[in-house]
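Reading through the C-alpha cells given below for one structure.
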Amino acid sequence: MKEASKVVATEAALELIEIVKAKHGPVMFHQSGGCCDGSSPMCYAQGEFLIGDSDVWLGDIGGAPFYMSKSQYDYWKNTMLIIDVVPGRGGMFSLEGPEGRRFLTRSRMFTEEERHELGL
C-alpha cells in the first residue's frame, strides 16, 4: 500500500522541476497565500525564500521541499495538494516563469484512510 502524502506532483510537474533545477540548481516551493500570485506554488532557488517557524513542511516533490504557511495549512490540512503544470507564465518571482508553463495547485480531500495514516 502506498503511503499517504500531503503534497504530490504530476509527471508534467516533475519534468518542469527537472528543467528548472538544471538551470538554477536545487529548488524549493512555498505555496502562495493568494496575495500577488493567486494561490500558485512558488518555486525558488533553495535558500532564496526564508522559511520560519510560521511555515509547515508538507513533503518533497521532485527532490524539492514544499512549504506552506501554518495559518494556510490549518485551513488546508485535510486536503492533498497536487502540483500540476499548465501553459502560461508563472508568478513573477517563481523560477518557471520563462519556460512558458507554470505550476498550478490542484487539490482533493483526503480519504478517511489517508487521514488516519497521516494522523489528522
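What ³J(HN,Hα) values, in whole Hz, does the Karplus curve 6.51 cos²θ - 1.76 cosθ + 1.60 give for the range 73-78 when θ = phi - 60°, with x put for Gly and Pro?
4, 4, 6, 9, 4, 9
Would you work out what percent of the accessible area of the chain, with all protein chains in place, is carbon or sulfur (probe 1.4 Å)?
Values: 3670 of 6750 Å².
Of the solvent-accessible surface of the chain, carbon and sulfur hold 54 percent.
Kindly state, to the nearest 0.05, the FRET efficiency for residue 77 paired with residue 106, given R0 = 25 Å and r defined as their beta-carbon distance. Before the final figure, lay out the partial values.
Values: r = 17 Å, r/R0 = 0.67.
FRET efficiency, residue 77 to residue 106: 0.90.
Can you divide the C-alpha Rg of the chain by 2.2 N^0.38 Å and report the result to two decimal places?
Values: Rg = 13.8 Å, N = 120, 2.2 N^0.38 = 13.6 Å.
Against the compact-globule rule of thumb, the ratio is 1.02.
Would you pull out the residues with amide H under 5 Å of residue 58's amide H, same chain only if 5 or more places away, H placed 1.01 Å from N?
66, 67, 68
At most 14 other Cβ atoms within 10 Å plus a DSSP loop assignment makes a site exposed; report the longest stretch of the chain without any exposed trypsin sites (Lys or Arg not before Pro). Present the calculation step by step, with values, prior to reporting the outcome.
Details: sites that count: 2, 89.
Looking at the chain, 3-88 is the longest stretch - no exposed trypsin sites (Lys or Arg not before Pro) with at most 14 other Cβ atoms within 10 Å.
Residue 56: net charge of surrounding residues, Cβ under 14 Å, Lys/Arg +1, Asp/Glu -1, itself excluded? Can you show the working numbers first?
Working: positive: 6, 70, 77; negative: 53, 55, 60, 74.
That works out to -1.
Suppose every K and R has +1 on its Cβ and every D and E has -1 on its Cβ; what is the size of the dipole of the chain about the Cα centre, in Debye to the nearest 20? Numbers along the way, then the final one.
Values: 12 positive and 17 negative charges, 56 e Å.
Here the chain has a charge dipole of around 280 debye.
Return the calculated 222 nm mean residue ellipticity for the chain, to the nearest 500 deg cm²/dmol, obtained by summing -39500 (n - 2.57) across DSSP H runs with n ≥ 4 and dividing by the residue count. Walk me through the numbers before you get to the answer.
Details: 3 runs with 28 residues, N = 120.
Mean residue ellipticity, 222 nm, calculated: -6500 deg cm²/dmol.
Taking the Cα centre of the range 16-76 as the origin and placing charges on Cβ (Lys, Arg +1; Asp, Glu -1), which of 28, 75, 52 is farthest toward the positive end of the dipole?
Looking along the dipole axis, the top candidate is 28.
How much area per residue is accessible in the range 55-120 when the probe is 1.4 Å and only protein heavy atoms are counted (Å²)?
On the way: 3660 Å² over 66 residues.
Averaged over the residues of the range 55-120, the accessible area is 55 Å².
Could you work out how far helix 11-24 tilts from the main Cα principal axis of the chain, as a 0 to 90 degree angle to the nearest 10?
Around 50 degrees separate the two axes.
Hey, can you grab everything whose amide H is under 5 Å from the amide H of residue 79? Only 5+ residues off in sequence or another chain; H modelled, so Pro and N-termini drop out.
110
Please check the chain for the longest run free of GluC sites (Glu not before Pro) that are loop-located per DSSP (anything but H, G, I, E, B) and have at most 16 other Cβ atoms within 10 Å.
On the way: sites that count: 3, 48.
By the stated rule (loop sites, at most 16 other Cβ atoms within 10 Å), 49-120.
The values are calculated or read from the model by the stated rules, or taken from the named source; none is laboratory data. Source: prediction; values computed, not measured. Methodologically, a virtual Cβ is constructed for each residue, glycine included, from the backbone with ideal geometry; neighbour enumeration extends over all protein chains shown. Heads up: the accessible areas ignore ligands, DNA and RNA and are worked out on the full protein's heavy atoms, side chains in. Shrake-Rupley method; radii C 1.70, N 1.55, O 1.52, S 1.80 Å.
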